[in-house]
Amino acid sequence: MITDEKPNVVYWLGSSLYLNITNKCSNRCWFCLRNFKQGVGGFNLKLKTEPTIAEVEAELEQVLSMRRWHEVVFTGFGEPTERLDVLLDIARWIKRRSGSSLVIRLDTNGHGYVLNKGRDVALELCAGGISKVSVSLNGHDSETYNENCRPTFEDAFGTVLDFIGKAKAAGLEVEISAVRLPEVNTEKIKAIAKALDVSFRLRDYIQCFW
Ligand code: SF4
């Protein structure tokens, strides 16, 4: 149940701090939590407007010293690379404030190169202080990916694989994550992860009960 009606850009679960910098996404996954819920863990993630860098930093300022955070994660109810410059600016600000020991992770749909044409997204993420990326791949081939994720452009499956390869080559710690769905062959996704030499994490799909 959402206890705070004001939309949250910064929220937390356990010792992880999460950033919800956008609600835009180049996928329209049928299982996306935002289709069914207002947020997670009592935080409202349905943004009314996209926050400015100053607004995100002001919210962060209030919570960064609240406890010893294990990691900061760009995630939320949208695709963070939809706002790559904002993401990079905030990541650099966090590094300046918290030093090199705080891990910054990006949860992404892997569409960064299509959303930011002409830029070397993986290298920019590395330079910005991101050390880990978790790339969601909810299809074992192009067909199942398109059915589940309903991307807004052609060959999204190939784009995600390309992103994973580039992220790995750039020196980022890369993980493929997939939601356990009956139509997805997770063994095939695991094999893709192995072939690309990245780790794999299977997540349970949390259905909504009203
Ligand atoms: S990629 Fe993530 S944020 Fe985007 S629609 Fe799918 S589940 Fe939702």
Some residue of segment 15-38 being touching a His at 6+ places or on another chain (Cβ under 7 Å) and more than 27 Å from F157 (Cβ to Cβ): yes
Single condition R203 does not satisfy, out of (1) within 12 Å of L137 (Cβ to Cβ); (2) modelled with pLDDT of 95 or more; (3) under 16 Å from the mean Cα position of the chain (by Cα): (2)
Qualifying residues in segment 141-150 (those that are assigned to a helix (DSSP H, G or I), of a type outside the set (F, W, Y) and farther than 21 Å from R83 by Cβ) - the one nearest to the ligand (Cβ to nearest atom): N148
Residues that are within 20 Å of R105 (Cβ to Cβ) and among the aromatic types (F, W, Y), drawn from segment 1-57: Y11, W12, Y18, F43
Residue in segment 164-172 that is of a type in the set (V, I, T), within 16 Å of the ligand (Cβ to nearest atom) and part of a loop (DSSP other than H, G, I, E, B) present: no
Positions within segment 1-27 being at pLDDT 95 or above, touching a strand residue (DSSP E or B) at 6+ places or on another chain (Cβ under 6 Å) and part of a loop (DSSP other than H, G, I, E, B), in sequence order: none
Filtered residue count, segment 1-46, keeping only those that are surrounded by fewer than 15 Cβ atoms within 10 Å (Cβ to Cβ) and touching a Ser or Thr at 6+ places or on another chain (Cβ under 6 Å): 1
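If we scan segment 47-55, do we find a residue that is surrounded by fewer than 21 Cβ atoms within 10 Å (Cβ to Cβ), hydrophobic (A, V, I, L, M, F, W, C) and touching a helix residue (DSSP H, G or I) at 6+ places or on another chain (Cβ under 7 Å)?
Yes, some residue in segment 47-55 is surrounded by fewer than 21 Cβ atoms within 10 Å (Cβ to Cβ), hydrophobic (A, V, I, L, M, F, W, C) and touching a helix residue (DSSP H, G or I) at 6+ places or on another chain (Cβ under 7 Å).
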Condition met for T152 (out of contact with any helix residue (DSSP H, G or I) (no Cβ under 8 Å at 6 or more places or on another chain), in contact (Cβ under 8 Å) with a residue 40 or more places away in the chain and over 17 Å from L115 (Cα atoms)): no
Answer from E71, E55, E79 - the residue that is among the acidic types (D, E), out of contact with any Gly (no Cβ under 8 Å at 6 or more places or on another chain) and closer than 30 Å to N146 by Cα: E79
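The values are calculated or read from the model by the stated rules, or taken from the named source; none is laboratory data. Everything quoted here is computed from the prediction, not taken from an experiment. Positions of Cβ are backbone-derived with ideal geometry, glycine not excepted, and every protein chain shown enters the neighbour counts.
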